[in-house]
1. What value, in deg cm²/dmol to 500, does the helix sum -39500 (n - 2.57) over DSSP H runs of n ≥ 4 give at 222 nm once divided by the residues of the chain?
2. How many percent of DSSP beta bridges within the chain run antiparallel, rounded to 5?
3. Let me know the charge dipole size of region 56-366 about its Cα centre in debye, to the nearest 20, where only the beta-carbon of Lys, Arg (+1) and Asp, Glu (-1) is charged.
4. How big, on average over all directions, is the shadow cast by the Cα convex hull of region 205-340, in nm²?
5. Using mean Cβ contacts within 10 Å as the protection proxy, how do 274-280, 25-31, 119-125 order, highest first?
6. Just to compare against my own numbers: the Cα pair-distance distribution for the chain, 10 Å bins, whole % per bin, please.
7. How many percent of DSSP beta bridges within region 1-148 run antiparallel, rounded to 5?
8. Once Lys and Arg get +1 and Asp and Glu get -1 on their Cβ, which of 219, 328, 301 lies farthest toward the positive end of the dipole of region 56-366?
Amino acid sequence: MFDLAIKSNRVVTPGGVRPGVVLISGGIISELVELSDTNFNCRTIELGNKVLFPGVIDPHVHINEPGRTDWEGFDSATRAAIAGGITTLVDMPLNASPVTTTVAAFEAKLLATDNKLHTNCGFWGGIVPGNKEEIEGLVEKGVLGFKAFLTHSGIDEFPNVPESYLRVAMPVIAKYNLPLLVHCELISGDVKPLSGDPRSYQNYLQSRPACWEDKAIALMIQLCEEYNCRVHIVHLSSSASIDQIKKAKERGLKLTVETSQHYLYFNDGDIGDGQTQFKCAPPIRDKVNNEMLWKALQEGIIDFVATDHSPAPPQLKQLQSGDFIKAWGGIASLQFALPVLWKIAKINNASLNDLANWLCEKPAQLAGLQNKKGKIAPGYDADLVVLEEETTFIVTEQIIHHKHKITPYLGEELSGLVAQTFLAGEMVFDDGSFTQLNNGKLIIR
């Protein structure tokens, strides 16, 4: 009747952490029963006190293929994902070439995934000026929502959208009840462009002030209400916007918000001049700001945490020159999403259930996967992680599966070791090694 039984004294369920046996059939969780039940007539895995955790979902990943596979690519990104317990990710529409703003470009991206996906992968479409006629075609092809920038994206082929074009696109997106994910920075003329010492992190930080973010978020709240369109604010870094977000949610607007691990883990005091591995946009701000973001996450004002994994080759990160003006803005962190957040969570007395909410359940809701992924419950996909939550480890180049070993977490001691990863009830990662790759059924549409 069952293919596999996984027994643990600590299963993270929606109702809390409890002892139990997860019974799996055909890649789906069939039942969750008491440990005292023993007659399963199937292969059984005994975990003891190791935690059985839902597979992590990261809906903000830049894989960069096709066209910029030398930056990352589906093979290396999805290997890194399962090594970090990420069983589902959603790929962003930019940094690939062509960018995913047309049906033809989306079809090219799907072709590029052939025999390279090692974890479940969905896709966001892109909104750029002039592509309104492509939106419905992209929906029909299976994108899970759309991404737009309010400032330059860093990729010329993916220009930012003005308010006037948001007003054109949002009614179409709202028709399908899909989310519009927005990079919220609106450049203000009263801030001078980056100048002075190009190696100075403080110069870079001051060149992208929080007011840019706050102004953009205010606009998106207004448009969210006006068009009754689902709006998702990506990588919130400005704590000054927490109050307006809270009030918008209290009014019942279809507004959700993510922050990223690096905005919670690091602050500007951790970043020395020339350390361009920390460059991202919006930038990492001060310690008080980080503490306020953490409080908003605990209070549910911020919905969840996603990596915004955005890797680049060493020459683009300007590691030798340390030039923040020229360096690519993006942090590579996909493999370490879970242990980074768990380290911070433990310091702040958060629970494993909080972690599951922020890394699994809420991200599944954004991507429309809430009925099949993100929980250990009957009827859900058997995407699971075995977590040694008290085990610490040092991030070294030897354990990194990203294409490039550039990350601000290099040398950091993290907490929570991913011992095993299961996709649809099949073990794909065990004790540092990949055990099964390319099951052929991993595209989510």
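1. Computed ellipticity for the chain at 222 nm equals -7500 deg cm²/dmol.
2. On the way: 32 of 63 bridges.
Percent antiparallel among DSSP bridges in the chain is about 50.
3. Details: 28 positive and 36 negative charges, 70 e Å.
Once rounded to the nearest 20, the dipole reads 340 debye.
4. Averaged projected hull area, Cα only: 8.5 nm².
5. The most tightly packed comes first, giving 119-125, 274-280, 25-31.
6. Bins of 10 Å from zero give 4, 22, 33, 27, 11, 2, 0, 0 percent of pairs.
7. Taking every DSSP beta bridge within region 1-148, about 45 percent pair in antiparallel fashion.
8. Looking along the dipole axis, the top candidate is 301.
Read-outs: derived from the displayed coordinates by stated rules, not from any lab. Here the structure is a predicted model, which means the values were calculated and not measured. Reconstructed Cβ throughout: ideal geometry from the backbone, glycine too, with neighbour counts over all protein chains shown.
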